[in-house]
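These notes concern the structure reproduced below.
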Amino acid sequence: MSSTSTAHIAVHHENPQILKPRTVVKKVLAKQQQEGAGAIVRRSIGRPDLKTLDPFLLLDYATVSPPAGFPDHPHRAGFETVSYVLEGAITHEDFAGHKGTIGAGDLQWMTAGRGIIHSEMPAGDGVNKGLQLWVNLSSKDKMIEPNYQELQSKDINRVQKDGIDVRIIAGEAFGVRSPIYTRTPTMFLDFAMNPGSQLHQPITEGWNAFVYIIEGEGVFGHESSSTALSHHTLILSDGDGVKAWNKSRRSLRFLLIAGQPLNEPVVQYGPFVMNTLEEIEQAFEDYRLCKNGFEKARNWKRRA
Ligand code: FE
């Protein structure tokens with residue numbers, strides 16, 4: 001998988017110094033549950049014992065095979081959905097005519113803003129796997145116009161170094177940045193670590209951070225910490241970075257996600273996320289009456 005040959009890359013820095021290493025303060029297993037229409041989801045952030053991790057509202061690992069999917073549903077405000085496909089492909093279509101297919105390794109960073117109604121359905125006949133993260137927006141950004149940032153797999157910045165292969169979805173790793181603009185400052189890294197490799201990854205102090213293990217097993221925080229297995233979410237303490245070890249005989253793949261907390265009240269009702277109950281009631285009314293951002297819902301129906 002990852003090449004250890006870095007001869008063509010003129011970067012030869014040591015592992016960055018981590019002076020205040022973060023440790024694992026909570027470990028939660030994302031169990032399977034049903035979502036949408038027949039989809040199977042492992043929810044990590046957003047489950048009852050891990051309601052939110054400011055600014056994150058939800059992280060789902062979804063497995064979808066036709067005819068299952070996520071037919072027409074609304075999102076009002078206050079947040080962004082980050083979709084990252086691991087296997088297969090997902091076709092999306094919204095009420096403003098924005099549509100497309102995101103395939104394995106592709107990224108869609110969607111700002112729902114004042115409102116979007118869309119569908120997310122499998123593109124092919126096989127099994128589709130992907131992750132979706134919900135990033136909350138501050139009150140000043142909740143009612144902005146919807147927006148999309150999309151990156152194909154080949155355009156996602158990637159660094160392979162010392163047995164580590166990282167895809168930089170948002171933020172920075174090994175001195176390489178992602179072009180994605182995050183209104184709520186966010187870091188989103190997809191790491192693969194070869195057996196025996198060790199990682200020192202800086203994380204901005206004060207940001208909330210967690211690890212989601214996709215495959216394999218790893219040790220995080222202290223070298224003597226217990227081993228964490230796939231589909232575990234590890235909440236990290238504060239600090240200036242995290243250390244990780246792959247002490248196993250197989251590849252370890254995980255997401256490292258961190259964000260600047262908003263420290264605002266969160267009132268959530270399904271796909272509506274606002275600051276107050278009044279704003280939630282307003283969102284429902286706007287959705288029902290097709291106004292204030294939902295005008296295009298009036299004549300829209302997704303073609304099956
Ligand atoms: Fe959606």
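The values are calculated or read from the model by the stated rules, or taken from the named source; none is laboratory data. Note that the structure is a prediction, hence the values are computed from the model and not measured. With ideal geometry, Cβ positions are generated from the backbone for all residues, glycine too; neighbour counts draw on all protein chains shown. In case anyone asks, the SASA skips ligands and DNA or RNA and just uses the protein heavy atoms, side chains included. Shrake-Rupley method; radii C 1.70, N 1.55, O 1.52, S 1.80 Å.
The GNM of the chain, with springs linking C-alpha atoms under 10 angstrom apart, assigns the highest mean-square fluctuation among 118, 92, 222 to 222.
As a calculated quantity, the FRET efficiency between residue 51 and residue 181 at R0 = 35 Å, using C-beta atoms, amounts to about 0.80. For the stretch 217-244, backbone nitrogen atoms closer than 12 Å to the point 7 Å from residue 20 Cα along Cα-to-C-beta are found at 237-241. Taking Cα atoms, how many degrees apart are the long axis of helix 277-289 and the longest axis of the chain, rounded to 10 and kept between 0 and 90? Roughly 60 degrees between the two axes. The residues of the stretch 24-259 expose, per residue, 37 Å² of accessible area to a 1.4 Å probe. Taking every DSSP helix (H) stretch of at least 4 residues in the chain, weighting each as -39,500 (n - 2.57) and dividing the sum by the residue count yields a mean residue ellipticity at 222 nm of -1500 deg cm²/dmol. Of all aspartates and glutamates in the structure, those lying under 15 Å Cα to Cα from residue 20, and not within fewer than 8 positions of it along the same chain, are 205, 223, 238, 240. Label points 7 Å out from Cα along the Cβ direction at residue 31 and residue 147: separation in nm? Taking the two extended label points, one gets 4.0 nm. Remark: the residue 285-residue 72 segment gains 74.9 nm on full extension, using 0.36 nm per residue and subtracting the alpha carbon distance.
Measuring nothing but protein heavy atoms, the accessible surface of the chain at 1.4 Å probe radius is 50 percent carbon and sulfur.
Applying a threshold of 26 Å to the alpha-carbon distances of 99/291; 31/51; 154/243; 140/296; 51/296; 31/142 flags 154/243; 51/296; 31/142 as lying beyond it.
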